[in-house]
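See structure below.
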């Protein structure tokens, strides 16, 4: 495997981890009702884990005299500003499932580089754990007796419904 290809794959892995929806939501600060605090804490932990992995990948790129590609969050994430965390959590779960698939492809493509492949495989395992963790948390019934819809403003509910019907 050429160093150029390995660096390109590592940059793709860095981008996946660094510019995830969980990391975006850390900065967007979605509305979170009190009963959803455990969900917020879980998503923050996922974002922290992803950032640590992105940093590890970046370090590996630099150790190999590569250049870490600059990136940015997908523009489509801006549609999620000002929405509730409960509404967004299933979208994070969907993105995590896609992440597992994308990282799995990278693991396969890094077959000729045992060190890089081991790091990618470790990240894949971590992301599988995130999928399981978030899936279990979302299956739990709400602790609050009020429904989530009654806790959101009518404008917010309307915006969430509109976004849900046009989800990307």
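The values are calculated or read from the model by the stated rules, or taken from the named source; none is laboratory data. This is a predicted model, so every value here is computed, not measured. When we count neighbours, we look across all protein chains shown, and the Cβ atoms used for this are built from the backbone with ideal geometry, even at glycine.
Taking the criterion of being free of Cβ contacts under 8 Å to residues at least 40 places away in the same chain and either outside any helix (DSSP H, G or I) or at positive phi (or both), the only residue of segment 66-78 that qualifies is 70. Looking across segment 79-130 at every residue that is farther than 15 Å from residue 11 by Cα and either touching a strand residue (DSSP E or B) at 6+ places or on another chain (Cβ under 8 Å) or not in a helix (DSSP H, G or I) (or both), the one that is modelled with the lowest pLDDT is identified as 82.
Report, by residue number, each residue of segment 8-34 that is in a helix (DSSP H, G or I), modelled with pLDDT under 95 and out of contact with any helix residue (DSSP H, G or I) (no Cβ under 8 Å at 6 or more places or on another chain). Selection gives 27, 34. Apart from one condition, residue 76 fits all of (1) touching a helix residue (DSSP H, G or I) at 6+ places or on another chain (Cβ under 9 Å); (2) exposed (fewer than 13 other Cβ atoms within 10 Å of the Cβ); (3) farther than 21 Å from residue 4 by Cα; the exception is (1).
Looking at segment 145-168, is at least one residue within 21 Å of the chain's Cα centre (by Cα), crowded, with 18+ Cβ neighbours inside 10 Å and at pLDDT below 95?
To start, the set of residues in segment 145-168 that are within 21 Å of the chain's Cα centre (by Cα) comprises 160, 163-164, 166-168.
Filter once more, keeping what is crowded, with 18+ Cβ neighbours inside 10 Å: 160.
In the following step, the residues that additionally are at pLDDT below 95 were identified as 160.
Yes, segment 145-168 has at least one match.
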